[in-house]
Amino acid sequence: MVDTLFTGGRIRTFDPEQPWAEALGVTDNRISYVGSLEDAPEARHTVQLEGRLLTPGVADTHNHLLLGFDDLAVSLDQVQSLDVVRARIAEFAETHPELDWVCAENALYSVVEGRRPNADDLVGVTDKPVFITTYDQHSVWLNRPALAKLGILNGGDIAWGNPEVDATTGEPTGWITDFYTSAMTIAGLAELQRDIPMYSPDRRYRKITNSLEMAARVGITTVVEPQVPLAELDLFARAEREGKLTSRTIAAIYHPVGADGDFRERITGAIRETPQHDRFALGPVKLYADDVIEPHTAAMLADYANRPGHRGHTSLEPTEFTKLFVELDRLGYQVHTHATGDWGTQLTLDSIEAALQANGARDARHGIVHVECLAPEDLPRFRELGVVAAMQPRHASPDLVAGTWMDNVGEARWDRAWRFRSMIESGARVTFSSDWQVGEMDPLVGIYSAMTRARLDGQDAWTVGERLDLDRTLEAYTKGGAEAFHRESTVGMLRVGYLADLVVWSGDLYSMEPQEILEQQADLTVVGGTAIHDLRGELNGVAVAAKLSDPAGHGQACSEPNAAQHSHSHIS
């Protein structure tokens with residue numbers, strides 16, 4: 001007898017020995033039966049799928065739990081007008097007199113046409129200092145009171161970014177570049193926690209727990225926080241102690257550019273001292289090969305189409321980057337590297353190859369994150385070198401890349417963009433993810449995007465030769481995620497003996513057109529045999545989570561304050 005038997009719908013296992021099943025049994029925390037209904041054992045409880053689809057739980061392998069929306073910050077998500085930005089900040093400042101700072105999130109680079117925003121654009125809005133992050137988290141926009149309070153106005157430096165100065169006057173403009181990589185350094189994070197309220201430990205902790213609540217609602221059973229500073233590992237320990245890690249959580253430790261051997265010893269110590277729990281583990285080390293394409297800071301093999309003579313830059317001088325990578329590989333780390341430009345990706349592949357030659361072969365499964373622009377000659381190297389391509393389907397949507405990204409790269413190189421199908425057909429390991437909170441966390445949005453490469457309204461599909469079918473897309477979100485982190489023997493498939501991590505979708509996704517998939521949701525999310533989201537009360541007798549008013553995360557407000565929202569582009 002099994003504890004729970006699921007039957008009456010479609011069960012996609014992704015087990016090559018038994019791809020589909022009529023019934024699935026769970027006993028304690030593991031799958032105890034997969035097969036026909038006729039041969040199924042008796043069960044203490046039966047869940048009738050009623051034609052719905054049951055799959056392995058989603059592994060969201062690039063999900064910034066630490067960057068979930070802040071309930072005390074102004075949302076500038078998708079705001080196209082400077083007037084609206086000013087109005088929202090002014091209203092927030094007036095209605096929150098108790099706050100010393102006004103913090104805002106997700107500003108667009110294009111909110112001021114033809115140039116970057118600056119401090120002058122915020123004059124007269126409020127006397128309070130204003131701190132605004134861009135949608136990709138790679139830049140910050142400050143007003144003059146903030147520049148003064150931080151000492152930048154008087155020529156002072158900050159540890160969490162590089163203040164831009166006017167080429168004519170030499171005065172700071174209010175724009176800060178290289179924010180995200182600098183902010184996660186020891187010195188950068190310490191200054192942010194000291195000066196900017198949004199980075200207080202309590203507010204960062206709330207972001208983690210709110211993001212995990214959302215992950216449960218959308219069918220995510222394993223989530224990878226891809227960039228955790230050593231100083232914030234204690235926030236995850238707190239979440240584990242307080243029972244807030246509903247989904248299995250893997251934390252990748254951020255290795256700042258320029259960190260030395262002493263820092264690597266601290267990483268080793270942290271891994272040694274951090275207990276590996278059922279719901280929490282430390283994962284790979286995170287590097288940056290380059291920055292991002294939108295502000296022309298990703299490393300490209302040829303000039304940006306709209307900036308002749310400029311190719312961006314790598315995070316370190318190439319030989320130094322390769323030397324660092326070889327050292328991390330020698331120490332036995334799995335390394336996941338942010339690379340968006342084709343030069344950044346090529347440099348990372350070159351470094352992985354150098355590590356293989358220097359240290360010998362091992363099943364490291366080093367990952368390259370984003371792979372937005374890929375030179376044709378580098379495509380087969382992923383399979384040859386055993387590299388995981390950690391990609392985000394939503395980033396390939398015209399909603400996000402029409403304009404800045406497309407213009408910067410140029411049409412002649414669009415065939416290098418987000419090569420999902422080519423990568424999978426080459427035999428490379430591919431895992432899909434959301435890059436929350438930059439992209440919607442709901443994997444159904446990513447699935448739709450991988451299948452259509454169109455806007456959410458179905459229009460303006462581009463580079464359609466890289467579209468995927470539903471089955472290969474789902475596999476990248478489930479089995480692919482397990483393989484990326486050496487977990488394919490316990491999760492990622494529905495097989496007897498595997499942990500019971502699974503999701504019941506609200507309908508049979510295989511019978512739907514892509515646009516219909518956007519209208520679906522996760523009805524039931526199970527981790528280790530325990531329901532962490534049970535919309536219909538199928539395991540607990542009563543529903544434990546309210547239905548999202550916009551389950552597909554199409555940019556409307558949802559019932560929870562930190563519900564999945566529309567954002568643009570990506571962060572690492």
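The values are calculated or read from the model by the stated rules, or taken from the named source; none is laboratory data. On a predicted model such as this, the values are computed, not experimentally measured, just so you know. Don't worry about glycine lacking a Cβ; one is built from the backbone with ideal geometry, like all the others, and counts go over all protein chains shown.
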With the structure loaded, tell me whether T168 is of a type in the set (S, T, N, Q), in a loop (DSSP other than H, G, I, E, B) and either under 24 Å from G439 (Cβ atoms) or in contact with a helix residue (DSSP H, G or I) (Cβ under 6 Å, 6 or more places away or on another chain) (or both) or whether it fails that test. no
Fill in: Condition met for D350 (outside any loop (DSSP other than H, G, I, E, B), among the charged types (D, E, K, R) and closer than 29 Å to A251 by Cβ)
yes
Of the listed residues (V326, V369), the one being of a type in the set (V, I, T) and not in a helix (DSSP H, G or I) is V369
If we scan region 279-298, do we find a residue that is over 15 Å from E372 (Cα atoms), out of contact with any Ser or Thr (no Cβ under 7 Å at 6 or more places or on another chain), loosely packed, with under 15 Cβ neighbours inside 10 Å and touching a residue at least 12 places away in the same chain (Cβ under 8 Å)?
-> no
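Does A90 count as more than 20 Å from V123 (Cβ to Cβ) and among the small types (G, A, S)?
For A90, the condition - more than 20 Å from V123 (Cβ to Cβ) and among the small types (G, A, S) - is not met.
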Restricting region 426-460 to residues that are under 19 Å from the mean Cα position of the chain (by Cα) and hydroxyl-bearing (S, T, Y), the one farthest from D77 (Cα to Cα) turns out to be T431
Taking first residues from region 445-457 that are assigned by TED's automatic domain parsing to the domain that holds I424 and among the polar types (S, T, N, Q) and second residues anywhere that are in a helix (DSSP H, G or I) and buried (at least 21 other Cβ atoms within 10 Å of the Cβ), the pairs with Cβ under 7 Å that are 6 or more apart or on different chains are S449/P393; S449/R394; S449/A396
Taking region 171-186 and keeping residues under 21 Å from P229 (Cα atoms) and either assigned to a loop (DSSP other than H, G, I, E, B) or out of contact with any Ser or Thr (no Cβ under 8 Å at 6 or more places or on another chain) (or both) leaves D178, S182, A183, M184, T185, I186
Within region 172-197, of all residues that are surrounded by fewer than 19 Cβ atoms within 10 Å (Cβ to Cβ) and not charged (D, E, K, R), the one nearest to G68 (Cα to Cα) is P197
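Name the single residue, out of those in region 121-165 being of a type in the set (V, I, T) and part of a strand (DSSP E or B), that is surrounded by the most Cβ atoms within 10 Å (Cβ to Cβ).
Quick first cut of region 121-165, residues of a type in the set (V, I, T) only: 123, 125-126, 130, 132-134, 140, 152, 158, 165.
From the residues that got through so far, the ones that are part of a strand (DSSP E or B) too are 130, 132-134, 140, 165.
Numbers: V130: 26, I132: 26, T133: 26, T134: 29, V140: 26, V165: 14.
So the residue we want is T134.
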For region 465-476 the number of residues that are more than 16 Å from P19 (Cβ to Cβ) and either touching a Cys at 6+ places or on another chain (Cβ under 7 Å) or of a type outside the set (A, V, I, L, M) (or both) is 3
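Can you tell me which residues in region 99-120 are of a type in the set (S, T, Y) and surrounded by fewer than 18 Cβ atoms within 10 Å (Cβ to Cβ)?
S110
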When region 315-356 is checked residue by residue, the ones that are crowded, with 23+ Cβ neighbours inside 10 Å and either hydroxyl-bearing (S, T, Y) or not assigned by TED's automatic domain parsing to the domain that holds E377 (or both) are S315, T337, T340, T345, T348, S351
With criteria (1) modelled with pLDDT under 95; (2) in contact with a Ser or Thr (Cβ under 7 Å, 6 or more places away or on another chain), G480 comes up short on (1)
When N154 is run through (1) modelled with pLDDT of 90 or more; (2) more than 24 Å from M391 (Cβ to Cβ), the failure sits at (1)
Over region 329-347, the set of residues more than 23 Å from the chain's Cα centre (by Cα) and in a helix (DSSP H, G or I) is D329, R330
The condition of being charged (D, E, K, R) and within 30 Å of the chain's Cα centre (by Cα) holds, among R144, R115, only for R115
Taking the conditions exactly as written (loosely packed, with under 15 Cβ neighbours inside 10 Å and at pLDDT 95 or above), does H96 satisfy them or not? yes
For region 51-70, pairs from a residue that is among the small types (G, A, S) to a residue that is surrounded by fewer than 23 Cβ atoms within 10 Å (Cβ to Cβ) and part of a strand (DSSP E or B), with Cβ under 8 Å and 6 or more apart or across chains, are G51/G8; G51/G9; G51/R10
Of the candidates A40, A90, A21, the one satisfying the condition of being under 22 Å from Q520 (Cβ atoms) and either assigned to a strand (DSSP E or B) or among the hydrophobic types (A, V, I, L, M, F, W, C) (or both) is A21
One residue is enough: does region 377-384 have a residue meeting the conditions among the basic types (K, R) and either within 28 Å of D460 (Cβ to Cβ) or in contact with a strand residue (DSSP E or B) (Cβ under 7 Å, 6 or more places away or on another chain) (or both)? no
Of T530, T473, T463, T478, the only residue that is in contact (Cβ under 8 Å) with a residue 60 or more places away in the chain, out of contact with any Phe, Trp or Tyr (no Cβ under 8 Å at 6 or more places or on another chain) and of a type in the set (S, T, N, Q) is T530
How many residues of region 189-221 are in contact (Cβ under 8 Å) with a residue 60 or more places away in the chain and not hydroxyl-bearing (S, T, Y)? The answer is 18
Restricting region 45-73 to residues that are farther than 27 Å from R487 by Cβ and at pLDDT 95 or above, the one surrounded by the most Cβ atoms within 10 Å (Cβ to Cβ) turns out to be T46
